[in-house]
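The values are calculated or read from the model by the stated rules, or taken from the named source; none is laboratory data. As the structure is a computational prediction, the values presented were derived from the model and not from experiment. All Cβ positions, glycine included, derive from the backbone under ideal geometry; neighbour counts span all protein chains shown. To get the accessible areas, we keep the full protein, side chains included, count just its heavy atoms, and leave off ligands, DNA and RNA. Shrake-Rupley method; radii C 1.70, N 1.55, O 1.52, S 1.80 Å.
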Amino acid sequence: MTTRDGLFRRHAPRVVALAIVVGLYGLARQPELSGTEQARLAGRFRFARYVLPELSGDLSRTVRQVHPGLKRIESWISSVGAAVALNDLDGDGLPNDVVYVDPRADRVIVAPVPGTGERYEAFTLGLVPPAYNPSTMAPMGCLPGDLNEDGQMDILLYFWGRPPIAFLRRGYTGSRLSRASYVTREIAPGAGRWFTNAATLADLDGDGHADLVVGNYFPDDARILDARAVGRAEMQHSMTRADNGGRKHLLRWIDGAGGSEPDVRYADEEGVLDRMGDNSWTLAIGAADLDGDLLPEIYFANDFGPDRLLHNRSRPGAFRFALAEGRKTLNSPSSKVLGRDSYKGMGVDFGDLNGDGVLDIFVSNIAAEFALEESHFAFLGTGDSALLRRGIAPFSDESERLGLSRSGWGWDAKIADFDNDGTPEVIQALGFMRGETDRWPELQELAMGNDELLSDPANWPRFGPGDDLSGHARNRFAVRDGERFRDIAAGMDLAEPGVSRGIAVADVDGDGALDFAVANQWAASSFYRNQGTSGRSFLGLHLLLPVDRDRREATRSRPGHPGGDLVGRPALGASARVRLRDGRTLQAQVDGGNGHSGKRSFDLHFGLDDALANVALEVELNWRDPSGRVRRDSRRLTPGWHTVLLGHPATPGD
């Protein structure tokens, strides 16, 4: 007969093991918000949703035509292309214009932001053959910027199937924009077929002019969207170390001209990124000055392998970069060390996540529970920028401690202060394929398979219409609550009709409350007007560089912000540091288009304590002037919007 003591001795190891597993599971679970806590945090925010303008036509498509060898995974191949940007395209002094890519018809639409007035009719940035062939090409993103430096806003479109094209604004013909307001110019003529998923503007060599950073995905000259192609289509050769993707391109600005036939020229600087992940599968790009020399470092967020942080050591006319990687410690997994990860980078943004006055880096990966078991990154900066000279990235991942490590299949992410309390929120586009049949088991099996089989799509499971991969997640809206960020999206009316890709942020009406737009894949896209700041104080800066008089033909002054009658071009890369009475420092840099497929406006925005509503603030400005010289200035500015023509004396409103 088995005694009770004998049963206990026999099963004790199993009981202890089960207790350990249950205990570890409890420790691994992130704290969940109660309904009361959710309501408390969500009560600080209120947004009104509008559908972005849609033009007539068939919007029922959910996949693209693809290479015959990719037909079995056509929904996977068709999972990108939605993009959105908010900016001042018509020159009225406010970033109240939207340009976005609607994949359902492969159209690029320009329109006034909903609710900002009918200043012009929505129109498409169409192209005609041979510049664009809808049978083999598709638009993937839109990047506003003053490309030719004439004081007017242009638009760069990038594609799968060809190099990007610049849409340059003609000499001023009135505020009623139309397709006729733009001329098209090739920026890389004769460069073959590119498959671009990210691009940003930044003065890489410090010569005072904005260069282009272009990140490609599929190998250059592939035929991904050609349904008549022959031969084998190639996918990545590894889920964690793939380096058979498209090239990265650094395009150095040469010159530009304004007027009725504007132009711009770039030089593609080849070989600069050799042996630094030059052929990674890039989905997002970020550029920001991390060591204070006003030369922007570059962060490449790469699918199927390690991201890359490149320390900028360039000189005017000569690009030069060096790889910087984080240092592994006893409690840091290798894949959470900057530059050594094996994750699926799909979005990147810079901001001060922990309030120490140092820029941090947030990176989107696949971070759905029970799905590849990866993690987003929240790389907190130590401020020891001298390490970059030694090839060491002064950042460590604290995403789990901050509550930012998990959410879902992440894409674009933006760090911004939506309630003007001086602490940023993190918003994030989520989801991959929306359908009815869960295909995660098949994807998990593929990810655990032999890398030697991965590059051949014939070895992949089917991913087609009706299949689902993280297709019903709600986009993240994470709010700082004590030492952690809490996702309060479930307590807000932020549900989207499809999976999301790009997020753009701007104060479209100049009221000091940041608004945002969301680009959705195979569904209508959205704009969210901020109605919940309750009059909290803010400081907004519109920083401009002088425009060469020879390029100013037919431009006009820009009313809008206080001091907004100044003519200039966005001071990309310029930084501002705001010192508060409690000893804190807020800082930001003018963003030239960081992220995956969402582009914020060029304004800087700082939320402030209500007690500072009528207090002049000490603001330190740092920039490179049009000749490339580093300049610094300090000003005392009251809360509100200010336009500053850098290098010129203070003007009324500054």
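Descriptive notes on the structure:
- Scope the range 318-351; condition under 19 Å from ASP289 (Cβ atoms) and small (Gly, Ala, Ser); matching residues: ALA318, ALA322, ALA324, GLY326, GLY339, GLY351
- Output for the range 427-471, where each listed residue is aliphatic (A, V, I, L, M) and part of a loop (DSSP other than H, G, I, E, B): MET448
- Subset of the range 62-86 (residues that are open to solvent by 10 Å² or more (accessible area, probe 1.4 Å) and more than 14 Å from TRP160 (Cα to Cα)): THR62, VAL63, PRO68, GLY69, LYS71, ARG72, GLU74, SER75, TRP76
- Scan of the range 299-319 for residues that are in a strand (DSSP E or B) and hydrophobic (A, V, I, L, M, F, W, C), ordered by number: PHE300, ALA301, LEU309, LEU310, ALA318
- Contact map, the range 616-630: residues that are farther than 19 Å from ARG252 by Cβ paired with residues that are β-branched (Val, Ile, Thr) and open to solvent by 60 Å² or more (accessible area, probe 1.4 Å), Cβ distance under 6 Å, separation 6+ or inter-chain. Pairs shown: ALA616/THR638.
- Once the range 211-262 is narrowed to residues that are closer than 12 Å to TRP281 by Cβ and assigned to a strand (DSSP E or B), the residue that is nearest to the chain's Cα centre (by Cα) is GLY215.
- Considering residues of the range 583-616 that are farther than 30 Å from VAL518 by Cβ and aliphatic (A, V, I, L, M) only, the residue least open to solvent (accessible area, probe 1.4 Å): LEU612
- Filtering the range 472-488 to residues that are surrounded by 21 or more Cβ atoms within 10 Å (Cβ to Cβ) and modelled with pLDDT under 95 leaves only ALA473.
- Out of ARG232, ARG228, one residue alone is modelled with pLDDT of 95 or more, among the basic types (Lys, Arg) and over 30 Å from ASP625 (Cβ atoms). It is ARG228.
- Checking each residue in the range 139-154 for being open to solvent by less than 10 Å² (accessible area, probe 1.4 Å), assigned to a loop (DSSP other than H, G, I, E, B) and either free of Cβ contacts under 8 Å to residues at least 40 places away in the same chain or charged (D, E, K, R) (or both) picks out GLU149, ASP150.
- Criterion violated by THR329 - all others in (1) part of a loop (DSSP other than H, G, I, E, B); (2) closer than 26 Å to ARG252 by Cβ satisfied: (2)
- Of the residues making up the range 328-381, those that are surrounded by fewer than 20 Cβ atoms within 10 Å (Cβ to Cβ) and of a type in the set (Val, Ile, Thr) are THR329, VAL358.
- Selection from the range 502-530 of residues that are farther than 14 Å from PRO95 by Cβ, part of a loop (DSSP other than H, G, I, E, B) and either small (Gly, Ala, Ser) or at pLDDT below 95 (or both): ALA523, ALA524, SER525
- Enumeration of residues in the range 172-208 that are over 23 Å from VAL128 (Cβ atoms) and either crowded, with 22+ Cβ neighbours inside 10 Å or β-branched (Val, Ile, Thr) (or both): ASN197, ALA198, THR200, LEU201, ALA202, ASP203, LEU204, ASP205
- Some residue of the range 454-471 being aliphatic (A, V, I, L, M) and open to solvent by 40 Å² or more (accessible area, probe 1.4 Å): yes
- Looking only at the range 617-638, and only at residues there that are outside any strand (DSSP E or B) and at pLDDT 95 or above, the one that is most open to solvent (accessible area, probe 1.4 Å): ARG629
- The C-beta contact set for the range 572-585 (first residue farther than 21 Å from ARG624 by Cβ, second residue basic (Lys, Arg) and surrounded by fewer than 21 Cβ atoms within 10 Å (Cβ to Cβ), distance under 6 angstrom, 6+ apart or interchain) comprises THR585/ARG577; THR585/ARG579.
- For the range 280-288, the condition holds for no residue, the condition being that it is surrounded by fewer than 24 Cβ atoms within 10 Å (Cβ to Cβ), part of a loop (DSSP other than H, G, I, E, B) and on the phi < 0 side of the Ramachandran plot.
- The sole residue among GLY355, GLY383, GLY345 that is within 19 Å of the chain's Cα centre (by Cα) and among the small types (Gly, Ala, Ser) is GLY345.
- Unmet criterion (only one of (1) open to solvent by 20 Å² or more (accessible area, probe 1.4 Å); (2) under 19 Å from ASP515 (Cβ atoms); (3) modelled with pLDDT under 95) for GLU496: (3)
- Subset tally (residues that are closer than 20 Å to TRP76 by Cα and open to solvent by 10 Å² or more (accessible area, probe 1.4 Å)) for the range 500-522: 1
- Within the range 263-279, if we keep just the residues that are open to solvent by 20 Å² or more (accessible area, probe 1.4 Å) and in a strand (DSSP E or B), the residue that is nearest to ASP220 (Cα to Cα) turns out to be ASP268.
- Close pairs (6 angstrom Cβ cut-off, 6 or more residues apart or separate chains): under 17 Å from GLY410 (Cβ atoms) and without any contact (Cβ under 8 Å) to a residue 40 or more places away in the chain in the range 473-491, part of a strand (DSSP E or B) and open to solvent by less than 40 Å² (accessible area, probe 1.4 Å) anywhere: ALA489/ARG476; ALA489/PHE477
- Flag for GLY422 being open to solvent by 10 Å² or more (accessible area, probe 1.4 Å), modelled with pLDDT under 95 and farther than 14 Å from ALA368 by Cβ: yes
- Every residue from the range 30-53 that is touching a Lys or Arg at 6+ places or on another chain (Cβ under 9 Å) and modelled with pLDDT of 85 or more: GLU37, GLN38, LEU41, PHE47, ALA48, ARG49, TYR50
- Residue in the range 429-450 that is open to solvent by 30 Å² or more (accessible area, probe 1.4 Å) and under 20 Å from the mean Cα position of the chain (by Cα) present: no
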